1. Once you order the gyration tensor axes a ≥ b ≥ c over the Cα atoms, which shape class does segment 406-475 get: rounded for a/c under 1.5, otherwise prolate or oblate by comparing a/b with b/c?
2. Between residue 342 and residue 277, what is the label-to-label distance in nm when each label sits 7 Å out along the Cα-to-Cβ direction?
3. Calculate the FRET efficiency for residue 315 and residue 255 from the Cβ-Cβ distance with a Förster distance of 22 Å, rounded to the nearest 0.05.
4. Hey, fewest Cβ within 10 Å first, where do 510, 331 land in order?
5. Given points 7 Å out from each Cα along the Cα-Cβ axis, report the residue 428 to residue 157 separation in nanometres with one decimal.
6. Within 10 Å of each residue's Cβ, count the other Cβ atoms and sort 218, 294 from fewest upward.
7. For segment 307-346, what class follows from the C-alpha gyration tensor (a ≥ b ≥ c being the square roots of its eigenvalues): rounded when a/c is under 1.5, otherwise prolate if a/b is larger than b/c, else oblate?
8. For residue 478 and residue 22, what is the calculated FRET efficiency with R₀ set at 56 Å and r taken between the beta-carbons, to the nearest 0.05?
């Protein structure tokens with residue numbers, strides 16, 4: 001095509017041939033390697049080029065309106081790297097299917113796929129734009145709807161909170177890219193935005209191609225910023241386009257398939273569901289479950305409003321809790337989640353104790369940091385962190401080396417967990433003591449002989465708040481690990497339920 005502009009690609013197809021063939025649609029591609037300037041119209045798509053729609057001086061902005069593709073606006077440009085580089089060619093396949101057949105392939109979104117590639121696979125995210133689509137003014141075509149919003153948050157102590165906000169957003173399936181003066185934020189659902197800290201305020205702009213992606217991004221930013229800075233009593237008001245109340249794009253309805261007790265205190269429930277590929281992310285382990293009453297035969301699910309907040313069903317707020325995906329088989333449509341019996345009966349374990357095949361729950365997520373490749377792995381946690389540890393252990397390569405420390409009540413709570421031969425698993429029995437009330441985990445960690453080359457270590461910990469703080473201090477202050485080598489999560493805090501933690505804010509579970 002003319003945009004290829006080189007003798008190596010499509011050199012035998014001239015602009016005149018394109019017009020003579022009169023295609024109903026055409027897709028142009030090209031790259032910066034072209035040996036000479038390209039003739040004709042250049043969409044200019046590429047990660048550095050932006051969408052440059054202007055024609056060269058002296059040429060009509062829309063040449064050859066007799067060509068059906070140009071007359072009907074079915075002219076598209078795409079970066080050549082998408083065509084030739086795997087796995088980016090997945091984007092080309094989706095775009096090439098959706099552009100000529102938008103109704104047939106309405107559920108295929110290369111923007112969403114790019115977000116997934118950026119967050120799950122690419123070491124260096126591609127910001128785009130990677131493609132361009134030209135609309136023709138000769139026909140009254142409706143452009144793809146896009147939603148825009150902004151907020152300016154009065155925030156006197158923004159400098160004190162910015163790093164924690166960025167860390168929290170990155171832990172919840174959002175990609176953050178530093179920019180001069182702020183950050184770009186990319187949602188896996190297709191939306192993106194900018195965070196710009198100013199003196200005494202935080203300015204945020206967002207946009208998304210669909211209503212669910214739009215309201216989901218506003219919700220993520222609103223809820224996480226408010227949670228991190230709860231003590232500041234921030235006022236976050238969005239202005240701009242309205243998408244109305246929409247279901248979260250990551251909501252999946254699961255049905256109980258099997259219930260069994262793995263140990264006296266751990267009940268594992270296997271759920272069946274559809275379209276679970278997003279949840280099968282090794283670096284995103286946690287999901288939120290929404291519990292419905294057993295007698296509810298026509299369950300309603302929460303929606304996301306234009307103000308970035310949850311709109312609960314008319315019957316009231318649903319009980320919910322955060323859990324670890326212990327196992328997942330997206331192809332088979334199955335997930336396994338462990339529920340731990342503990343002092344008191346919360347909504348999660350209370351529901352699990354009565355669960356039977358056919359019961360339904362809602363699933364949102366996933367989020368929270370998981371493992372990273374390393375030469376030597378250190379894992380530590382109590383019953384709340386054990387599902388994550390077990391999933392990480394089972395996913396390590398056969399050549400992996402490391403140590404895992406699991407604090408449990410007693411030998412009856414030990415489980416069979418597959419792991420590489422080079423990774424040791426030590427069970428620590430605390431007896432009748434409550435999780436986090438003893439120094440068992442951190443003392444066991446101090447007795448280990450860590451590799452002399454600290455840079456090859458990656459640590460993942462999940463435990464009650466007190467044990468979490470002790471482990472984090474040991475790893476960062478005593479063992480000398482860098483912050484990027486350590487993922488430490490406080491899964492609970494003695495004396496506080498999830499509702500109390502939500503009211504208190506991040507300071508309740510983050511040092």
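1. oblate
2. In this crude label model, residue 342 to residue 277 measures out at 3.5 nm.
3. FRET efficiency, residue 315 to residue 255: 0.60.
4. On the way: 510 18, 331 9.
Starting with the residue having the fewest Cβ neighbours, the order is 331, 510.
5. 3.2
6. Numbers: 218 29, 294 13.
Sorted ascending by nearby Cβ count, the order is 294, 218.
7. Values: a/c = 2.76, a/b = 1.30, b/c = 2.11.
The shape class here is oblate.
8. Details: r = 73 Å, r/R0 = 1.30.
Computed FRET efficiency for residue 478 and residue 22 comes out at 0.15.
Read-outs: derived from the displayed coordinates by stated rules, not from any lab. Since this is a predicted model, take the numbers as computed values, not measurements. With ideal geometry, Cβ positions are generated from the backbone for all residues, glycine too; neighbour counts draw on all protein chains shown.
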